[in-house]
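Worksheet for the structure shown next.
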Amino acid sequence: MILREMRARGWRNLASVALQPGPGATVLFGQNGQGKTNLLEAAYTALCFRSFRTSSLSDLVAWGSQEAMVEAEITVSALDRALKIQISQGRKTTLLDGKGVRRDSSALLGVGAVLFGPEDLRLPKAAAAERRRFLDRAVFGAHRPYFREVLTFERVLKSRNALLRRGPVEATLLASYDEKLAEAGARIVIRRRETVRSLLPRLESTFRQIHSEAAVGMRYRSDARVETAESEAEVLSALREGLLANGEADRRRGFTGFGPQTDDLELELEGHLAREHASQGQLRSLVLALKVAEMEYLREVLGEPPLLLLDDVASELDEERRRRLFEAMAALSCQSLVTVTERDHLPPLAGCVDYEVKHGTVRRL
Ligand SMILES: Nc1ncnc2c1ncn2[C@@H]1O[C@H](COP(=O)(O)OP(=O)(O)OP(=O)(O)O)[C@@H](O)[C@H]1O
Ligand SMILES: [Mg+2]
């Protein structure tokens, strides 16, 4: 897809801005705290219907105000469309061509964004929750209804945990939640596994291109009994059994300690866990390769490349890896919004459009 224009008003510190990105890279250049990440967040929210920084709508609205809005004019599947997200009095409205639209609507097929920020560079050593979030974003990027599947799972998990927290629970009452939780959980495990399976060959080839022949691996890790289960039905019964077997422990600790909410995405280099054995440089190449793999995967599934949002990544990479990243972006012919504080942190980018970001306003250079 292509983002032709984005307008935002009252979005965090953004007063009233309009951005006309180029077909390739658009550089958003400015000092710290001027609104660069806020612009990327507005673009991401317009396309994915949620922020990558917060789940609270009030964070997105300018302090002291009740309203924020972002509009994106896009071209997707050769059609010009307008997306609008309006936040008013703590409520969010999402519109496609002026009509209400849900984030998993099939009309949004092909609409997508991939964020690559400094936190991603710490992914291999981060908490497992961060890696699950990375994976979940990739799943959602390829399959928008996934968000509803995750919501369903989270809702049941929350109720089960609330029950456990309240004190002594009857085993039969607890078990009444297990079936729904196992069902929703199996769906998530299968989706995540499929995505890992699709990403892996791309990760291998990209790592080879940007770093070396060193063998990389990536595995979705669950509890041993779930791992041996293959089909969704088998995963479902493994989860069902696991929940039952862990029921006593759950009652003792007061929360659900078994299921996909504890799974991990393991990254390996030369057969060893990357987070424990890889060097800093190898870890950075690994993340770079993972992000490029995600882009390639989404481009294939969506039929066109998603918008790439590169937040402050250039300054965290050395010159060689920076060059590799921009080469890979050019090869994917994706459109990108790139934030930087130092303009010379970027290699020359053919046909790029430059904006200066200052005090929540933008000016085309
Ligand atoms: N709800 C809000 N209302 C008003 N201002 C806000 C709100 N939320 C955040 N801000 C302000 O927006 C400013 C710009 O934030 P942003 O993260 O976009 O900066 P940035 O240009 O990306 O800086 P850096 O280069 O340090 O990453 C910050 O100074 C922050 O205090
Ligand atoms: Mg920033």
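Please find, among Glu296, Glu316, Glu304, the residue that is in contact with a Pro (Cβ under 6 Å, 6 or more places away or on another chain), open to solvent by 10 Å² or more (accessible area, probe 1.4 Å), in contact (Cβ under 8 Å) with a residue 60 or more places away in the chain and more than 30 Å from Ala238 (Cβ to Cβ).
Glu316
Any chance you could count how many residues in the stretch 313-354 are over 22 Å from Ala72 (Cα atoms), within 16 Å of ligand 1 (Cβ to nearest atom) and acidic (Asp, Glu)?
3
For the list (1) more than 30 Å from Val61 (Cα to Cα); (2) within 16 Å of ligand 2 (Cβ to nearest atom); (3) open to solvent by 60 Å² or more (accessible area, probe 1.4 Å); (4) not hydrophobic (A, V, I, L, M, F, W, C), I need the number of the one condition that His345 fails.
(3)
For a quick check of your reading of the model, give me the residue pairs whose first member lies in the stretch 168-187 and is under 14 Å from Leu236 (Cα atoms) and in contact (Cβ under 8 Å) with a residue 60 or more places away in the chain, whose second is of a type in the set (Phe, Trp, Tyr) and open to solvent by less than 80 Å² (accessible area, probe 1.4 Å), with beta-carbon atoms closer than 9 Å and at least 6 apart or on different chains.
Leu181/Phe153; Gly185/Phe153
Would you pick out the residues in the stretch 129-181 that are hydrophobic (A, V, I, L, M, F, W, C), open to solvent by less than 30 Å² (accessible area, probe 1.4 Å) and under 26 Å from the mean Cα position of the chain (by Cα)?
Phe134, Leu135, Ala138, Val139, Phe140, Ala142, Val150, Phe153, Val156, Leu157, Leu181
With (1) under 21 Å from Gln89 (Cα atoms); (2) surrounded by fewer than 20 Cβ atoms within 10 Å (Cβ to Cβ) as the list, and Ala8 as the residue in question, which single condition is left unmet?
Status for Ala8: all satisfied but (2).
For the stretch 62-96, which residues satisfy the criterion of being open to solvent by less than 60 Å² (accessible area, probe 1.4 Å) and in contact (Cβ under 8 Å) with a residue 60 or more places away in the chain?
If the condition is that a residue be open to solvent by less than 60 Å² (accessible area, probe 1.4 Å) and in contact (Cβ under 8 Å) with a residue 60 or more places away in the chain, then Ala68, Met69, Val70, Glu71, Ala72, Glu73, Ile74, Thr75, Val76 are the ones that fit.
The values are calculated or read from the model by the stated rules, or taken from the named source; none is laboratory data. Treat the numbers as computed from the prediction; the structure is a model and nothing was measured. Glycine also receives a Cβ, built like all others from the backbone with ideal geometry; neighbour counts cover every protein chain displayed. Areas reflect the complete protein model, heavy atoms only, side chains present, ligands, DNA and RNA absent. Shrake-Rupley method; radii C 1.70, N 1.55, O 1.52, S 1.80 Å.
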